[in-house]
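Shown next, in structure tokens, is the structure this report addresses.
Just so it is clear, none of the values below were taken in a lab; they were calculated from the coordinates. Everything numeric in this text was worked out from a predicted model, so none of it was measured. Glycine gets a Cβ as well: all are built from the backbone with ideal geometry, and neighbour counts include every protein chain shown.
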Amino acid sequence: LPKVEILNGEDLWVYCNATGKPEPEISWYFQGQIIANQTALNKNNVLHIEKITESQNGFYTCVATNKVGQTRKTTEVIVLKPPMIKPWESIYKVIPGEEVIMTCEVTGAPIPYITWYKNGEPLAQDYLVNEG
């Protein structure tokens, strides 16, 4: 199964195209743990998660089993979240020549790249003290 990238809050469908004789029974696992409520999930061998969240990032495995054997396929689901800047102090009063520390807290997935600007121009990287 291919890796899946999906926006936070969207619905996820993962298809398990398994065939066999006799017809295999499908089970779904998340991070190695069986997902509860298998009956609702297995309609047409599809895993459906409504309004996915970041806590549902990880590896999903489809296991097809019949009396002859078992096979499995795993896919990674990556939940993306747009960058968001947390509220911060927007006016600083400083004495010329003194150091000023400005903090910008940003969330997002994947981790956003931050660029600082002064008067519309990007600041050189040597102005940045700490990222993390």
Quiz prompt | Quarter of the Cα convex hull surface for the chain, i.e. its orientation-mean projected area (nm²) | solution = 11.7
Quiz item: For the range 4-81, what is the charge dipole size about the Cα centre, in debye to the nearest 20, if Lys and Arg each add +1 at the Cβ and Asp and Glu each add -1 at the Cβ?
Solution: 320
Quiz item: Which cysteines does the chain leave without a neighbouring Cys Cβ under 4.7 Å?
Solution: 104
Practice problem: Starting from the Cα of residue 113, step 7 Å along the direction of its Cβ; do the same at residue 90; then give the gap between the two resulting points in nm. | Solution: 2.6
Exercise. Would you pull out the residues with amide H under 5 Å of residue 80's amide H, same chain only if 5 or more places away, H placed 1.01 Å from N?
Key: 6, 7, 8
Self-check item: Residue list for the range 75-93, given a label point 7 angstrom along the Cα-to-Cβ vector of residue 103 and an amide N cut-off under 18 Å
Solution: 84-93
Quiz item: Lysine pairs, Cα distance under 24 Å, 8 or more residues apart or cross-chain: how many in the range 4-81?
Solution: 8
Quiz item: For the charge dipole of the chain, defined by +1 on Lys and Arg C-beta atoms and -1 on Asp and Glu C-beta atoms about the Cα centroid, which residue among 44, 120, 61 has the Cα displaced farthest towards the positive pole?
Solution: 44
Quiz item: Is it possible to state the helix-based mean residue ellipticity at 222 nm for the chain, with each DSSP H run of 4+ residues giving -39500 (n - 2.57), the sum divided by total residues, to the nearest 500 deg cm²/dmol? What is it?
Solution: -500 deg cm²/dmol
Exercise. Can you tell me the FRET efficiency between residue 44 and residue 81 if r is taken as the Cβ-Cβ distance and R0 is 41 Å, rounded to the nearest 0.05?
Key: 0.90
